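A quick write-up on the structure given underneath.
No lab work stands behind these numbers, since they all come straight from the coordinates. Remember, it's a predicted structure, so these values are computed and weren't measured experimentally. With ideal geometry, Cβ positions are generated from the backbone for all residues, glycine too; neighbour counts draw on all protein chains shown.
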């Protein structure tokens, strides 16, 4: 059996006397998209923060390809292959759409993440940047200043930047939130395309059950900071532990109301 790309072992964080994430042990494998669900306050985003390094761990460990990264900084984790959309990737609002993408392509190519060096000397990087713009249907906005973009287009651009970074682990926190009906399919298609590679792990925090049904290979359910269920989507949604966690309500109904 292949070694998991990402492992969390007894991962815990306390804020004062409150345990926000409670001893979560979970493995994530290449070629698998795991949807992380649960009501508001269940610990989903906090769990993401612990994995990506935004907040320090109180107890437990995070491993990437067998290497303990628990005490590493966000930048160190990013370098090793943890990629988080909307948290990791900050847009440069005064640069153009193309310049934002080319910066990440430039960094990935080993040219450094330096705005001042992003000039004619890196024209060969423009091609790959334009290819990403085509994938998010934003070639017509290549020269537009990012601060002038709609919220939905900024979200699409952030996903493109994460794809340009090409991490081992993709972490998407409600990637279509705030997007119009027309905008959301572009991002969902990009995520579906990432699944076909089979050499990356994808973690998705999502409330929309139609998105989960379409994309998820596996669901884990968090409740009061603890792991309540983990497995096949259909089995998890029907399990007794999930029904109890949602106080007898249908899981889909419960998630639709959070």
By the Cα gyration tensor axes a ≥ b ≥ c (a/c under 1.5 gives rounded; else a/b larger than b/c gives prolate, otherwise oblate), the shape of region 127-178 is oblate
If each residue's Cβ is checked for other Cβ atoms within 10 Å, how do 159, 37 rank with the fewest at the top? 159, 37
Please rank 195, 44, fewest neighbouring Cβ atoms within 10 Å first, as an exposure proxy. 195, 44
Distance in nm between label sites at residue 79 and residue 208, each 7 Å beyond Cα in the beta-carbon direction? 3.7 nm
Could you work out how much longer the chain between residue 137 and residue 94 gets when fully extended? Use 0.36 nm per residue separation minus the Cα distance between them, nm to one decimal. 13.4 nm
